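**Q** Once you've had a glance at the structure underneath, I'll fire off some questions.
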Amino acid sequence: MPSRSLSRTTWFAILGATLLSGLILWETARYARSVALDEIRTRSAYTLDLVIENLRGELAKYSFQPRLLAHSTVLTDALTQYPQASAMDRANSELERINEVTGARATYLMNKDGLTIAASNWSSDKPFVGSNFSFRPYFKEAMQGRLGRFSALGTTSGERGYYFAHPVRNADGIIGVVVVKMGVARLETAWRASDDIILILDEEGIVFLSSRPEWRLNAISPLSAAAHQRLSETRRYAGEAHRELSFSRAPDSDIIEIGKIDALGTSNRTKKYLAISAPMNEAGWRVLILADASGVAYRVQIALLVVGFMLASAVLASLNIYQRRRRLNERLELQEAAKAELGDKVRERTKDLSRAVARLRAEVSERQRAEEDLRRTQEELIQASKLSALGRLSAGISHELNQPLTAIRNYAENARVFLSRNNTATTDANLGSIVEMGERMARIIRNLRTYARNEPVGSRPARLLQSIRDAIGLLQPELRSADIEVTSDFTDDELMVIGGDVRLQQVFVNLISNAIDAMSNAPRRHLTVSVEPRATDVAITISDTGPGLRAKDMNRVFDPFFTTKEVGKGTGLGLSITYGIVNQFGGYIEAANNDDGGATFTVTLHRVESNREAAE
Ligand code: ADP
């Protein structure tokens, strides 16, 4: 029988499937994440390139201007003739005009000490003229003969800008510095539309430009003391305080988590960004693109859901198949068991049947043996009773033979006398009588011999009337000595019945003997034997004029050993044997009393159809 509990193999299969599913899900998550991140990375790299290119283009537009201006005689004159008013006016107007053409935020001229002596915004409410910017690195670089570059917050204007500075020379060497301040706010406005956060960081890690205005001038990492020192020396951001953006980045990862920025007006939730950056050394900047990576988790979830669903479907399908197979196996096992049980039952029944058959066979052969014994016994009995009847007949028969024998002797003696007298005619008559007597004796003896013959068992066509005549013939001496008158009315010699000649003769010998016995003391002694042929059978009645059967004996006369005769005379077997013989031939025998006394025995036997009748 199938066990209800799961087998070890099944447990291993479940464990294996779980581990495999876990591995697949883990790999799926990893793969989906890397694909999503790669996509973002590619997009960000593109954005980064765009931003850098854009910045480079913008910077390139202004970087060469101070160099051009440095050769202007108006400016060299202003430097050499300072503080002559007319030279200053010319320089102011020249710078204002040029600034207007170039679209710069401001263009101005500083002397060797860093003092601004002329500026494009000379006439504005916050003119640079008179201010000293010697603390700015661009001034120092220009004074060293190089192109000064610097990004900073204007100390006067409070506006962010990128400064390009170039030394102004004459024969004596560097006599001043011309500066072009480029406005940067406009760049940011273009970035606002971008989904990504674009940050331009300076060398200290301070956000100089940002697509998020609120992040401006905040630091992405803690500032060192040296950095603080540098910032205050160069007054880069005009003394503005720098808050720290809470950027946290795992080592070797380009994912940045930004949190606690509610104070900055964004979100109070930690958000993940993919960071990609590139240096812009010529500007002293680092461009940082922060791409929103929160979609990655969503993509991973979707991928996990899809794969999970597929896995679950696969698991369910396998379970289903497993269950079906299990059920099928169970059913097959049950069928096998039922078949085996049926086989057992059939075998058992077959065994029972064979035993019963064997028993029946034994019984049948036992019965056959018994029947055979019975048949043999009956036959022996029939023969014995016949021989005993012969014994009884012998007295009459010897008398019957004695009579012709005496007659023969008399006829022979007489013949001798007639022969001596030469009376041949009478002699011949006597001899004829002797032959007749001899024939009669031979007939009697033949009848006796036939009767004594042991006839083989079985039925065959028998000549009925011959048997009756032979029976009467055998009993003739007794009938005569008992002075019984015999009436027999039958003529059809060819009447054939199913029987046997000798046994039929025995039947009639028995019935006639009983009639002779019954009539021994009767006043009238008359035996009637009649034969009545019918369509398929024939009835033979034997009637006497004896006392008849007593009413109480009517049903018992055919029983073996029933006799009313005195000891030594009757055996009580005659009628019983007669009954058996008639029965053997398929006929039957009945006993009845005559209306005027006396008994009648009727034997009914089957007729054998003559060929003529059969032909019809
Ligand atoms: P048994 O002649 O040796 O007695 P049976 O079987 O021939 O045996 O007869 C049985 C009995 O049936 C006889 O004893 C007799 O009483 C009775 N019986 C037979 N035949 C006749 C008959 N023709 N008339 C009266 N009684 C008869």
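**Q** Rounded, prolate or oblate for the chain? Axes are the square roots of the Cα gyration tensor eigenvalues, ordered a ≥ b ≥ c, and the cut-off for rounded is a/c under 1.5.
**A** Prolate, because a/c is 1.5 or more and a/b exceeds b/c.
**Q** What's the FRET efficiency of residue 278 with residue 20 using the Cβ-Cβ distance as r and R₀ = 51 Å, to the nearest 0.05?
**A** Calculated transfer efficiency: 0.75.
**Q** Restricting attention to the stretch 108-174, which chymotrypsin sites (Phe, Trp or Tyr not before Pro) occupy a DSSP loop and are surrounded by at most 15 other Cβ atoms within 10 Å?
**A** Those that pass, being in a loop and sparsely packed, are 135.
**Q** What percent do you get for the relative contact order of the chain when only Cα pairs under 8 Å and 6+ apart count?
**A** On the way: 900 pairs, mean separation 49.2, N = 616.
Taking the mean separation of contacting Cα pairs over the length of the chain, I get 8 percent.
**Q** Residue 358 to residue 550: FRET efficiency via 1/(1 + (r/R0)^6), r the Cβ-Cβ distance, R0 41 Å, to the nearest 0.05?
**A** Once rounded, the FRET efficiency stands at 0.20.
**Q** List the trypsin sites (Lys or Arg not before Pro) in the stretch 428-522 that DSSP assigns to loop (not H, G, I, E or B) and whose Cβ has at most 14 other Cβ atoms within 10 Å. Which are they?
**A** Numbers: sites: 440, 443, 446, 449, 453, 463, 469, 480, 503; in loops: 453.
Those satisfying the criteria are 453.
**Q** Measure out, as a whole number of angstrom, how far apart the alpha-carbon centroids of the stretch 133-212 and the stretch 320-348 sit.
**A** Each part's Cα centre sits 92 Å from the other's.
**Q** For the stretch 57-166, calculate the relative contact order in percent as a whole number, restricting contacts to Cα pairs under 8 Å that are 6 or more residues apart.
**A** Computed over the stretch 57-166, the figure is 18 percent.
**Q** Could you tell me how far the Cα centroid of the stretch 494-559 sits from the Cα centroid of the stretch 591-610, in Å?
**A** Measuring centre to centre over Cα atoms gives 7 Å.
**Q** Another question about this same structure. Which of the DSSP-defined H helices in the chain satisfy a minimum axial length of 30 Å, computed from C-alpha atoms, and a minimum mean Kyte-Doolittle hydropathy of -1.0?
**A** Those that clear 30 Å and a mean of -1.0 are 8-63, 294-420, 424-452.
**Q** State the Cα centre-to-centre distance between the stretch 288-313 and the stretch 42-121 in whole Å.
**A** Spelled out, the Cα-based centre of one part sits 52 Å from the other.
**Q** Still on this structure, I have one more. Can you sort 310, 519 so the residue with the fewest Cβ neighbours within 10 Å comes first?
**A** Placing the least packed residue first, the sequence is 310, 519.
**Q** Over 20 Å between Cα atoms, which of 61/126; 386/552; 140/181; 126/181 qualify?
**A** Working: 61/126 25 Å; 386/552 28 Å; 140/181 16 Å; 126/181 15 Å.
Distance filter (> 20 Å) returns 61/126; 386/552.
Values in this text are rule-based calculations from the coordinates and carry no lab data. Please read these numbers as outputs of a predicted model, since none were measured by experiment. Methodologically, a virtual Cβ is constructed for each residue, glycine included, from the backbone with ideal geometry; neighbour enumeration extends over all protein chains shown.
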